[in-house]
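As structure tokens, the structure follows; a few thoughts come after it.
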Amino acid sequence: MKYTVIFHRTDEGISVSVPGLPGCWSEGENEEEALENIQDAIHEYLAAVKEMSGGQEVYEIDIAA
């Protein structure tokens, strides 16, 4: 899957958010580290959503842009 991420640059480094996943944020000292960290955050976010869905039927769909 592809997710749009937004870099928020500060004097301390780069924060990264994922608009499609509310509350999914990470950070890094540079772009490479920030991108690696947000990938981990996305995986953790999706795992938490799956766990919270319990016995519900969950489907993934592809949307062409």
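Let's see if you can work this out: charge +1 on each Lys and Arg Cβ, -1 on each Asp and Glu Cβ, no other charges. What is the dipole magnitude of region 6-50 about its Cα centre, in debye to the nearest 20?
Using Cβ point charges on Lys, Arg, Asp and Glu, region 6-50 gives about 380 debye.
Roughly how tilted is helix 31-52, in degrees to the nearest 10 and between 0 and 90, from the longest Cα axis of the chain?
In the chain, helix 31-52 runs at an angle near 20 degrees to the longest axis.
Around Ile42, what is the net charge, scoring Lys/Arg as +1 and Asp/Glu as -1 over all other residues with Cβ under 13 Å from its Cβ?
So the environment of Ile42 carries a net charge of -1.
How long is the gain from Thr4 to Tyr59 if the chain were fully straight, where each residue apart is worth 0.36 nm and the alpha carbon distance is subtracted?
Between Thr4 and Tyr59, full extension yields 17.8 nm more.
Considering the convex hull of the alpha carbon atoms of the chain, report its projected area averaged over all viewing directions, in nm², one decimal.
Averaged projected area of the chain's Cα convex hull equals 5.1 nm².
No lab work stands behind these numbers, since they all come straight from the coordinates. These figures come from a predicted structure and were not determined experimentally. Cβ atoms come from the backbone with ideal geometry, glycine included; neighbour counts cover every protein chain shown.
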